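The values are calculated or read from the model by the stated rules, or taken from the named source; none is laboratory data. Every value quoted in this text rests on a predicted model; they were computed, and no experiment measured them. For neighbour counting, all protein chains shown are included, and Cβ atoms are generated from backbone atoms with ideal geometry for every residue, glycine included.
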Ligand SMILES: [Zn+2]
């Protein structure tokens, strides 16, 4: 049926490319957009374009920031710049921020090393992390990567690179279920895992 509605088909093809938008919801989301009035649709498109133009990655910690303002973490003098919490993505960072248990800095890797998915160390911000850690008086690196084989391997890779640096290397306590995605672990568990962090 959709084949006879090429315009809708085209819209759905674009929506289908949005990660995490489950295909079972595609029809509902498509209907939502089709039912938007012109003003709401224009606002939606404008917000998307504005975000694309005004939001950039901080070139130090790789967290999203407003282009015209400083990074909300790197420019915050009340945060402890001697501790860096390493996360895979922005989502995990948000989870840790929600615990309100961490006042250090972050470093977003942009993923984990995963040969099967064609992701190697150079596709991530590992080199920038090593430089940052060794050049700016960092005392501790906390690995808060998802506890998956790839997350563990990535932590081990970075730890090896920092072996000679004398920097204390820790990771979240085992309160976080093995194989779990931090994004879906509750706030208290993540806060506790952070407080009880152990040597890597
Ligand atoms: Zn930053």
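Within this structure, residue 165 passes the test of being closer than 14 Å to residue 200 by Cβ and in contact (Cβ under 8 Å) with a residue 12 or more places away in the chain. Annotation for segment 95-110: at least one member residue is surrounded by fewer than 15 Cβ atoms within 10 Å (Cβ to Cβ), in contact with a helix residue (DSSP H, G or I) (Cβ under 7 Å, 6 or more places away or on another chain) and assigned to a helix (DSSP H, G or I). Of everything in segment 183-200, what is part of a helix (DSSP H, G or I), at pLDDT below 80 and touching a helix residue (DSSP H, G or I) at 6+ places or on another chain (Cβ under 8 Å)? Give them in sequence order. Scanning segment 183-200 gives 183, 187, 188, 190, 191.
Pairs are defined by a Cβ separation below 7 Å, a sequence spacing of at least 6 or placement on different chains, a first member in segment 62-77 that is more than 6 Å from the ligand (Cβ to nearest atom), and a second member that is part of a loop (DSSP other than H, G, I, E, B); the pairs so defined are 62/110; 62/125; 65/58; 65/71; 65/72. Of the strands (runs of 3 or more DSSP E) lying entirely inside segment 1-87, the ones with 1 or more residues being over 19 Å from residue 125 (Cβ atoms) are found at 64-66, 80-87. In segment 160-169, is there at least one residue being in a helix (DSSP H, G or I), in contact with a strand residue (DSSP E or B) (Cβ under 8 Å, 6 or more places away or on another chain) and under 18 Å from residue 96 (Cβ atoms)? Scanning segment 160-169 turns up no residue that is in a helix (DSSP H, G or I), in contact with a strand residue (DSSP E or B) (Cβ under 8 Å, 6 or more places away or on another chain) and under 18 Å from residue 96 (Cβ atoms).
Among the residues of segment 39-48, is there at least one that is more than 10 Å from the ligand (Cβ to nearest atom) and either in the same structural domain as residue 126 (by TED's automatic domain parsing) or under 15 Å from the mean Cα position of the chain (by Cα) (or both)? Checked against the condition, which is being more than 10 Å from the ligand (Cβ to nearest atom) and either in the same structural domain as residue 126 (by TED's automatic domain parsing) or under 15 Å from the mean Cα position of the chain (by Cα) (or both), segment 39-48 yields no hits at all.
Let me confirm something: among 144, 173, which residue is touching a helix residue (DSSP H, G or I) at 6+ places or on another chain (Cβ under 9 Å), in the same structural domain as residue 80 (by TED's automatic domain parsing) and modelled with pLDDT under 90?
Step by step, each of 144, 173 is checked, and only 173 is touching a helix residue (DSSP H, G or I) at 6+ places or on another chain (Cβ under 9 Å), in the same structural domain as residue 80 (by TED's automatic domain parsing) and modelled with pLDDT under 90.
Scanning segment 78-93 for residues that are in contact (Cβ under 8 Å) with a residue 40 or more places away in the chain and more than 13 Å from the ligand (Cβ to nearest atom) yields a total of 6.
Table: residues versus (1) buried (at least 20 other Cβ atoms within 10 Å of the Cβ); (2) farther than 15 Å from residue 86 by Cα; (3) modelled with pLDDT under 95.
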position	(1), (2), (3)
116	no, yes, yes
124	yes, no, no
128	no, no, no
149	no, yes, yes
158	yes, no, no
181	no, no, yes
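Residues that are surrounded by 12 or more Cβ atoms within 10 Å (Cβ to Cβ) and within 12 Å of the ligand (Cβ to nearest atom) within segment 49-61 comprise 56, 57, 58, 60, 61, listed in sequence order.
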